[in-house]
Amino acid sequence: MPIPFLLGAPAQSRPPVVGFSFGTAPKGAAFLGAQNGLVYAVNADTGILEWSKPVGSMVQAAPAGLFSAYFAGAVDLV
């Protein structure tokens, strides 16, 4: 059973979930932006944090991504 991931601040949107292996997440990851200025990648199966990165003072929208699993030749970016 997944453990809910506790963000450091409110999130204002639904997180996009990628449906392919990502980091240690074999079935995908959820990407969340929070008002504490961080973007989080969370294992979609377990709820365990994969990584977090500071991107600004506040993140009000869902992070977007471009992944080679969907677009051949693309650099994996969030």
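The values are calculated or read from the model by the stated rules, or taken from the named source; none is laboratory data. Predicted, not measured: the structure shown is a model, and the values here were computed from it. A quick note on method: Cβ atoms are made from the backbone with ideal geometry, for glycine too, and the neighbour counts reach across all protein chains shown. Remember, those area values only see protein heavy atoms, side chains included, never the ligands or the DNA or RNA. Shrake-Rupley method; radii C 1.70, N 1.55, O 1.52, S 1.80 Å.
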Pull out all pairs, ordered by first then second residue, where Cβ-Cβ is under 9 Å, the residues are six or more apart or on different chains, the first lies in the range 9-30 and is closer than 20 Å to Val59 by Cβ, and the second is open to solvent by 70 Å² or more (accessible area, probe 1.4 Å) and among the acidic types (Asp, Glu). Phe22/Asp76
Across the range 1-20, what is the number of residues that are closer than 16 Å to Gly65 by Cβ, at pLDDT 80 or above and open to solvent by 70 Å² or more (accessible area, probe 1.4 Å)? 1
Check on Gly33, surrounded by 15 or more Cβ atoms within 10 Å (Cβ to Cβ) and closer than 27 Å to Ser68 by Cβ: yes
Name every residue in the range 44-57 that is of a type outside the set (D, E, K, R) and in contact (Cβ under 8 Å) with a residue 24 or more places away in the chain, in order of residue number. Ala44, Thr46, Gly47, Ile48, Leu49, Trp51
